[in-house]
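Chemist: Have a look at this one.
The values are calculated or read from the model by the stated rules, or taken from the named source; none is laboratory data. Computed from a prediction, not measured in an experiment: that's the story for all the values here. Reconstructed Cβ throughout: ideal geometry from the backbone, glycine too, with neighbour counts over all protein chains shown.
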Amino acid sequence: MAENRLEVAVGAAVMAVAIGFLVYAAQGAGFLRETDTYPLRASFRSVEGIRVGSDVRLAGVKIGTVASLTLNPQTFYADTVVAIRRGIDLPEDSAIVISSEGLLGGHFVEILPGGSPFNLEAGAEIEDTQGSVSLTTLLMRFVGGDGSSIDKAGGDGAPATE
């Protein structure tokens, strides 16, 4: 009888750990949404390295996640919705940038706060965006010696325009 109780206890512990891993994996993959968030929209020329569930950070601290990525067929830009934790009010002149954690690190979305006294409302669009910079393109330009056509706004391969 004592063996059966021990087996049941060990089985219950194994199930609890398995459920914990499933919940952790679902949160990491973005399947479980935080309900205490508000959406902001942005449109990027390139979202290379970003996926649904990627971190949104402010001053290096995670304040939200990427909620959706869709291609706009009229502008050919990536329309992005980010879910920002409630209680974090962002100035309306804030910028949103796709950054990387290092030379070969992962990518994340970074918010650069502005100085406006007015804050972005839920569902508002952040106008000031900068897409991801392709490391391969930068290296090819460095090797080729032609750095003159790096786009001033994003360095994503488009010719510079004045």
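Here's the yes/no breakdown for (1) aromatic (Phe, Trp, Tyr); (2) surrounded by 15 or more Cβ atoms within 10 Å (Cβ to Cβ); (3) closer than 24 Å to Leu120 by Cβ:
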{"residue": "Phe21", "(1), (2), (3)": "yes, no, no"}
{"residue": "Arg57", "(1), (2), (3)": "no, yes, yes"}
{"residue": "Thr75", "(1), (2), (3)": "no, no, yes"}
{"residue": "Thr80", "(1), (2), (3)": "no, yes, yes"}
{"residue": "Gly87", "(1), (2), (3)": "no, no, yes"}
{"residue": "Ser99", "(1), (2), (3)": "no, yes, yes"}
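Chemist: Does region 125-135 contain at least one residue that is touching a strand residue (DSSP E or B) at 6+ places or on another chain (Cβ under 9 Å) and closer than 30 Å to Val23 by Cβ? Outline the logic, then answer.
Modeler: Step one: list which residues in region 125-135 are touching a strand residue (DSSP E or B) at 6+ places or on another chain (Cβ under 9 Å), which gives 125-133, 135.
Going one step further and asking which of them are closer than 30 Å to Val23 by Cβ, we end up with none.
No, region 125-135 has no match at all.
Chemist: Identify all residues within region 109-162 that are of a type outside the set (Gly, Ala, Ser) and modelled with pLDDT under 65; write none if there are none.
Modeler: Within region 109-162, Asp146, Ile150, Asp151, Lys152, Asp156, Pro159, Thr161, Glu162 qualify.
Chemist: Which of the residues spanning region 95-119 are closer than 17 Å to Asp55 by Cα and either under 13 Å from the mean Cα position of the chain (by Cα) or of a type in the set (S, T, N, Q) (or both)?
Modeler: Correct list: Ile96, Val97, Ile98, Ser99, Ser100, Glu101, Gly106, His107, Phe108, Val109, Glu110, Ile111.
Chemist: Of all residues in region 107-124, which are touching a residue at least 40 places away in the same chain (Cβ under 8 Å) and within 18 Å of Ala59 (Cβ to Cβ)? I'd like the intermediate steps shown before the answer.
Modeler: Of region 107-124, the ones touching a residue at least 40 places away in the same chain (Cβ under 8 Å) are 107-111, 113, 120, 122-124.
Those that are touching a residue at least 40 places away in the same chain (Cβ under 8 Å) and within 18 Å of Ala59 (Cβ to Cβ): His107, Phe108, Val109, Glu110, Ile111, Pro113, Leu120.
Chemist: Does Asp79 count as in a strand (DSSP E or B) and among the acidic types (Asp, Glu)?
Modeler: Working: in a strand (DSSP E or B): yes; among the acidic types (Asp, Glu): yes.
It is true that Asp79 is in a strand (DSSP E or B) and among the acidic types (Asp, Glu).
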